[in-house]
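Everything below concerns the one structure shown next.
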Amino acid sequence: MPTAAIKICGISTGDALEAAIRARAAHAGFVFFPKSPRNVTPGEAAALAERAQGRIGRVGLFVDADDAAISEAVAGARLDALQLHGSESPERAAQLRARFGIAVWKALSVATAEDTARAASYAGAVDLVLFDAKTPKGTLPGGMGLSFDWNLVANWKGPIAWGLAGGLTPDNVAEAIRLTRTPLVDTSSGVESAPGVKDGGRIQAFAEAVRGASDF
Ligand SMILES: O=C(O)c1ccccc1NCC(=O)[C@H](O)[C@H](O)COP(=O)(O)O
């Protein structure tokens with residue numbers, strides 16, 4: 001079984017970025033959502049992006065953001081991909097992909113089989129769907145350390161590339177990979193010591209657990 005690609009989301013410091021690179025993560029996520037404890041300004045993201053250049057992919061996370069905000073972030077942080085974490089429709093996702101000419105990922109919150117079925121409507125509009133947990137009303141739409149029933153996406157064979165997110169930690173990610181056979185895992189709070197504070201040791205442990213999950 002090929003090793004799942006790793007995305008470490010909510011990178012907001014140089015130390016966290018270096019830890020993700022050392023751990024051989026494929027993607028670093030920058031959160032552009034002011035209500036998040038992981039929010040980065042376009043200026044902060046630009047500095048991180050400079051360090052990331054050629055070493056790790058740069059994914060910008062947005063929640064129902066307008067074109068102006070996305071445009072500023074894409075240009076400043078030279079993003080390789082947009083991760084849409086709000087209620088963006090397939091049409092909106094396709095419009096952003098055409099406008100910015102970079103990969104678009106759509107996060108879909110999952111609690112039932114109907115939720116996973118929604119992924120098909122994004123075929124042709126996005127490059128990847130990221131199955132994530134539903135979060136309670138009035139809280140952040142992601143990054144809450146909540147997981148969902150992985151059986152809902154086990155061996156998912158949809159028309160789009162996909163990844164798994166939501167409550168993944170160094171302790172449970174190997175089991176998640178074995179059960180779902182996901183090609184990509186995404187974590188944020190599972191590798192933190194406090195909300196918004198990434199822990200280099202936990203990032204390394206997460207990566208080792210991911211690589212270990214392929215050796216069976
Ligand atoms: O991280 C945030 O603060 C955040 C805010 C608003 C929307 C999404 C957000 N994060 C998404 C992610 O970091 C991940 O893609 C995913 O939800 C996994 O998070 P976690 O359960 O903390 O590992």
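The numbers here are math on the coordinates, done by the rules we state, and not lab data. Remember, predicted model here, so these are calculated numbers, not experimental data. Note: ideal-geometry Cβ built from the backbone for every residue, glycine included; neighbour counts use all protein chains shown.
Conditions: (1) within 17 Å of the chain's Cα centre (by Cα); (2) under 28 Å from ILE102 (Cα atoms). LYS157 meets all but one. Number of the miss?
Going through (1) within 17 Å of the chain's Cα centre (by Cα); (2) under 28 Å from ILE102 (Cα atoms) one by one, LYS157 breaks only (1).
List pairs: first in region 157-172 and touching a residue at least 24 places away in the same chain (Cβ under 8 Å) and within 8 Å of the ligand (Cβ to nearest atom), second assigned to a loop (DSSP other than H, G, I, E, B) and of a type outside the set (Phe, Trp, Tyr), Cβ under 6 Å, 6+ apart or cross-chain?
Matching pairs, first to second residue: GLY166/LEU146; GLY166/SER147; GLY167/GLY145; GLY167/LEU146; GLY167/SER147.
Okay, residues lined up against (1) away from the ligand (no atom under 11 Å from the Cβ); (2) more than 14 Å from the chain's Cα centre (by Cα); (3) assigned to a loop (DSSP other than H, G, I, E, B); (4) hydrophobic (A, V, I, L, M, F, W, C):
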{"site": "GLU175", "(1), (2), (3), (4)": "yes, yes, no, no"}
{"site": "ARG178", "(1), (2), (3), (4)": "yes, yes, no, no"}
{"site": "VAL185", "(1), (2), (3), (4)": "no, no, no, yes"}
{"site": "GLY190", "(1), (2), (3), (4)": "no, no, no, no"}
{"site": "SER193", "(1), (2), (3), (4)": "yes, yes, no, no"}
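Which of the residues belonging to region 7-39 are over 15 Å from the mean Cα position of the chain (by Cα), in contact (Cβ under 8 Å) with a residue 24 or more places away in the chain and in a loop (DSSP other than H, G, I, E, B)?
THR13, ALA23, ARG24, LYS35, PRO37
Condition first: among the β-branched types (Val, Ile, Thr) and within 27 Å of SER193 (Cα to Cα). Now tell me which residues in region 37-92 satisfy that.
VAL40, THR41, ILE56, VAL59, VAL63
For region 49-78, what are the residues that are within 15 Å of the ligand (Cβ to nearest atom) and either in a loop (DSSP other than H, G, I, E, B) or of a type outside the set (Val, Ile, Thr) (or both)?
Residues satisfying the conditions are GLY57, ARG58, GLY60, LEU61, PHE62, VAL63, ASP64, ALA65, ALA69, ALA73.
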